[in-house]
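The values are calculated or read from the model by the stated rules, or taken from the named source; none is laboratory data. The structure presented is a predicted model; accordingly, all values stated were derived computationally and were not measured. Reconstructed Cβ throughout: ideal geometry from the backbone, glycine too, with neighbour counts over all protein chains shown.
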Amino acid sequence: MPSLDIRNLCVSIGEKPILKDFSLSLPKGEVHAIMGPNGTGKSTLAKALAGHEDYTITGGEVFLDGELLLGLEPEARAKLGLFLAFQYPCEIPGVSIANFLRAASQARLPEGQEVAAVEFYKKLHGKMDALKMDRKFTARSLNEGFSGGERKRCEILQMMMLEPKYAIMDETDSGLDIDALKIVAQGVNLMRGPELGVLVITHYQRLLDYIVPDKVHVMWDGRIVKSGGKELAFELEAKGYDWVSKELAPSAKN
Amino acid sequence: MDQATQLEIDREKGNFRYETDYAFDAGVGLRPATVDYIAEVKGEAPWVREFRHKALKIFESKPMPTHWATKDLEAIDFSKIRYYLSQGQKPSRTWDEVPADIKKTFERLGIPEQERKFLAGVEAQFDSEAAYSRMKEGLSKLGVIFVGPTEGLKEHEEIFRPWFGKVIPTSDNKFSALNSAVFSGGSFIYVPKGVKVKQPLQAYFRINAENFGQFERTLIIADEGAEVTYMEGCTAPKFETATLHSAVVELVALKGAKIQYITVQNWSNNVFNLVTKRGLAHEESEIRWIDCNIGSRLTMKYPGVILKGRRARGEVLSIALANDGQHQDTGAKMIHAADETTSNIIAKSISVGQGRSTYRGLVQIPKHLKNCKNNTECDALLINANSRTDTYPAITVRGEGNSVQHEASVSKVSAEQIFYMRSRGLSEAAAMSLSVNGFINDLVREFPMEYSVELKRLIELEMEGSVG
Ligand SMILES: Nc1ncnc2c1ncn2[C@@H]1O[C@H](COP(=O)(O)OP(=O)(O)O)[C@@H](O)[C@H]1O
Ligand SMILES: [Mg+2]
């Protein structure tokens, strides 16, 4: 079955090991949530998968629909169908959302083929309407001067435009008020289907009320310490991360 | 962006060279005999030869300007350069008459094609002399003159001599003196009263020989109410040793005239490009420099306008891209010398990798003038942390009712931003091009269409080269 398959992944930042034998299999068509306290390595996982060069892979393998992901350039991973909605999307001054997405769409086409402008804008405007984004945003520089919520919405817009096979959403809920959260969740739910696998990284259970996951994984100190159905998120919410450190983590180590 | 993949420049378009035999060669080194050789080959009038000899003395008496400019200038060894090389060709009027090897070069650079598409006239210079020169027939009927300096000073002395060396005196700086001693090639243009040349005239300067110095000289005179746009392009192959390009360009806009001078410079990495450019704007005239510098080892160039007549306007729009191993030392000069004159400077520099950009500005509005305005905007973009940028805006504005506006900004494209763009599927080069184009976009919108397309393409090539 097609999947994003992470096997025994070990990642260091500098000399410091962050991910320790991390394994997770995300079948296409499913939505999995990763929950864990701050500093446990969730963003490290996301960026290492996307190919950020600060994150050194010291062991393990990752397969995207059977293809080796590690070792590829970030843009090659994107073209294979991986998408990362960043926890902290950065500003790209002078590059408008429309031009950026057009260039990114163009990059996915074979040599000599051009993005059709009319269809492109039609699609872009449609997705923006779905996310209740003002169309004026297309001309604005990417993320420049955007509020936290606007940036997150813009990440989802990019995801909807680029139609990945696997999307990692790194704390997309943080910085969103409840209305924005609902809109973003609606956008993701629209994309849900047999052609998309989603890894939702979150700190809180709240988002999972709107994007209901097929599976929940609890992460602690660079690895998954417990996996379960969506009810695991409620259990975690009720018992708190203390429960993870005191009960789950020690038993997982043995 | 990792260090290894940063910047190996490869502007492949200009990097090729066909074997060439030179019938005329002034030899290596610079002596009075070199000047005589050039004057001889060209059959110049005694006053021109005299002008050259005087210039040589001034050149020798002036120190290298390393007290304010980079020490890298000391790497130029004037005794190892060849000052004049040509096949003895007269500029042909058809491409078929151009010697085959030279024609091949210009075809590869796309010059005949551009001529067909959108130019009113073309001059193509190969080392020291033009190989091709042609203007649309209609224009010569209107009295437009478009020739090289040899022909200009010989056949149209009464038109060109009064302005020759007047906007930029020989002694202006060491390199204007050098050019005045050994100049060869370039364009002498005269547009008669009221004639508006709709399509651009273009000159293309090609350096083909190693250890060579190219010293073209350009003088453009737009008579009252006349209008003209001139474009220059340049390339050279990559040589092991340094090559020198040192031009002097003088513009004269008489009452109500408009001159637009556009440069697309795409030098290879070992060219010292030391150019003096200045315009003299009479009453209600307008001079606009659009100057885009890509490539070269060191470019020093500060196009200027002397605003001599009431309500004259001067403008410099410049873009400099300094990649690894390059130093773009560019800027603008606006000398206000009459009431109600206005000037505008917009300078954008991009430094990539170890590339270094310097902006030097000079704006003078003396006390006795009224209602003069200057606007200066300098923006720098740094792509990765090693790049260096310096700004030296010298703005002297005195007197009441004169105004000046000055803005400067520095922005950075970090490794994080590049990664963000790559994570969406853009290559590193595409990500950098997108940032650079975003940065210069509002300026490029002011450029003529053909030029902005060419510029965009050059930037893309440069960025592709920079990531190897
Ligand atoms: N660029 C970095 N340099 C050094 N340490 C980092 C860097 N990024 C993250 N870390 C460290 O790695 C660990 C995991 O961080 P991160 O993956 O951001 O956690 P999470 O996303 O789960 O909050 C933390 O201890 C953090 O301090
Ligand atoms: Mg995080």
Of the criteria (1) modelled with pLDDT under 95; (2) of a type in the set (Gly, Ala, Ser); (3) touching a strand residue (DSSP E or B) at 6+ places or on another chain (Cβ under 7 Å), which one A:Ala48 fails: (1)
Across region B:191-243, which residue is surrounded by the most Cβ atoms within 10 Å (Cβ to Cβ) among those that are touching a His at 6+ places or on another chain (Cβ under 9 Å) and under 27 Å from B:Lys136 (Cβ atoms)? B:Gln214
Which fully enclosed strands (runs of 3 or more DSSP E) of region B:181-254 have 2 or more residues being more than 18 Å from the chain's Cα centre (by Cα)? B:188-191
Step by step: first the residues of region B:111-132, then only those that are touching a Lys or Arg at 6+ places or on another chain (Cβ under 7 Å) and not aliphatic (A, V, I, L, M), then the one that is surrounded by the fewest Cβ atoms within 10 Å (Cβ to Cβ). Which residue is that? B:Gly121
What number of residues within region A:216-243 are more than 16 Å from ligand 2 (Cβ to nearest atom), closer than 20 Å to A:Asp21 by Cα and buried (at least 18 other Cβ atoms within 10 Å of the Cβ)? 3
If a residue counts only when it is on the phi < 0 side of the Ramachandran plot and touching a residue at least 60 places away in the same chain (Cβ under 8 Å), which strands (runs of 3 or more DSSP E) contained entirely in region B:62-176 have at least 3 such residues? B:121-126
Quick one: is A:Leu64 more than 20 Å from the chain's Cα centre (by Cα), more than 13 Å from chain B (Cβ to nearest Cβ), modelled with pLDDT of 95 or more and buried (at least 18 other Cβ atoms within 10 Å of the Cβ)? no
I'd like to check something: does region B:95-110 contain any residue that is closer than 30 Å to B:Gly355 by Cα, assigned by TED's automatic domain parsing to the domain that holds B:Phe164 and surrounded by fewer than 18 Cβ atoms within 10 Å (Cβ to Cβ)? yes
Among residues belonging to region A:15-54 that are near ligand 1 (Cβ under 8 Å from one of its atoms) and farther than 15 Å from A:Val218 by Cβ, point out the one that is surrounded by the fewest Cβ atoms within 10 Å (Cβ to Cβ). A:Lys16
Using the structure shown, decide if B:Ser452 is outside any loop (DSSP other than H, G, I, E, B), more than 9 Å from chain A (Cβ to nearest Cβ) and free of Cβ contacts under 8 Å to residues at least 12 places away in the same chain. yes
Unique residue being at pLDDT 80 or above and under 21 Å from A:Ala98 (Cα atoms) when the list is B:Glu428, B:Glu446: B:Glu428
Within region B:445-464, restricting to residues that are under 23 Å from the mean Cα position of the chain (by Cα) and over 24 Å from B:Ala203 (Cβ atoms), the one that is surrounded by the most Cβ atoms within 10 Å (Cβ to Cβ) is B:Met463
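When only residues in region A:37-61 that are among the acidic types (Asp, Glu) and under 15 Å from A:Arg77 (Cα atoms) count, which is nearest to the other protein chains (Cβ to nearest Cβ)?
A:Glu53
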Residue hits (region B:131-159; closer than 22 Å to B:Glu115 by Cβ and over 25 Å from the mean Cα position of the chain (by Cα)) are B:Glu137, B:Gly138, B:Ser140, B:Lys141, B:Leu142, B:Gly143
